[in-house]
Amino acid sequence: MQVVVDKYPTWGDVVEVDTWVSQSGKNGMRRDWLVRDCNTGETLTRASSVWVMMNKLTRRLSKIPEEVRGEIEPYFVNSDPVLTEDSRKLTKLDDKTADFVRSGLTPRWSDLDVNQHVNNVKYIGW
């Protein structure tokens, strides 16, 4: 997911969120978002994410089954992404490259999302 915030709304501002889904390559889908100020129409935030299916057993990418594609394809919008892909890579952190290391963290049940992943907000708190 890539998010660009051009301008933050302030308290009391009313915003409008538009979102749509498009095809992304042979095996993926892309969801785009635009957040605009309702009064001025100014774009505040643009975001784009790519979604793929993965085989749980082989842990490899899978093609979207035809019956699933048939259900969602009528909702695809043929449009360019709201953001150009940022191909920069994050540098891998380890004990030598990180400024701070905190080990021994054990997530509690309340720290996990529906996919059993630690919630992003919890990482920030840690």
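In whole percent, how big is the carbon plus sulfur part of the accessible area of the chain, probe 1.4 Å, protein atoms only?
Answer for the chain is 54 percent, counting heavy atoms of protein chains only.
Using Cβ point charges alone (K and R +1, D and E -1), the dipole size of the range 1-46 about the Cα centre works out to roughly 360 debye. Ranking F76, Y123, G12 by how far each Cα lies toward the positive end of the dipole of the chain (charges on Cβ) leaves Y123 at the top.
Annotation: per residue accessible area for the chain equals 86 Å², rounded to a whole number [probe 1.4 Å, protein chains only]. The relative contact order of the range 35-126 comes to 14 percent, based on Cα pairs under 8 Å that sit 6 or more residues apart.
Work out the length of the dipole vector of the chain about its Cα centre, built from +1 on the beta-carbon of each Lys and Arg and -1 on the beta-carbon of each Asp and Glu, and round it to the nearest 20 debye.
760
Each Lys and Arg Cβ is given +1 and each Asp and Glu Cβ -1; about its Cα centre, the range 58-124 then shows a dipole of about 440 debye.
Helical runs (DSSP H, four residues minimum) scored at -39500 (n - 2.57) apiece and divided by the length of the chain put the mean residue ellipticity at 222 nm at -2500 deg cm²/dmol. By the Kirkwood approach, averaging reciprocal distances over each pair of separate Cα atoms, the range 1-61 gets a hydrodynamic radius of 13.4 Å.
The values are calculated or read from the model by the stated rules, or taken from the named source; none is laboratory data. A quick note: this is a predicted structure, and the numbers were derived from the prediction, not measured. Every residue, glycine among them, receives a Cβ derived from its backbone with ideal geometry; neighbour counts consider all protein chains shown. Heavy atoms of the whole protein, side chains included, go into the accessibility calculation; ligands, DNA and RNA do not. Shrake-Rupley method; radii C 1.70, N 1.55, O 1.52, S 1.80 Å.
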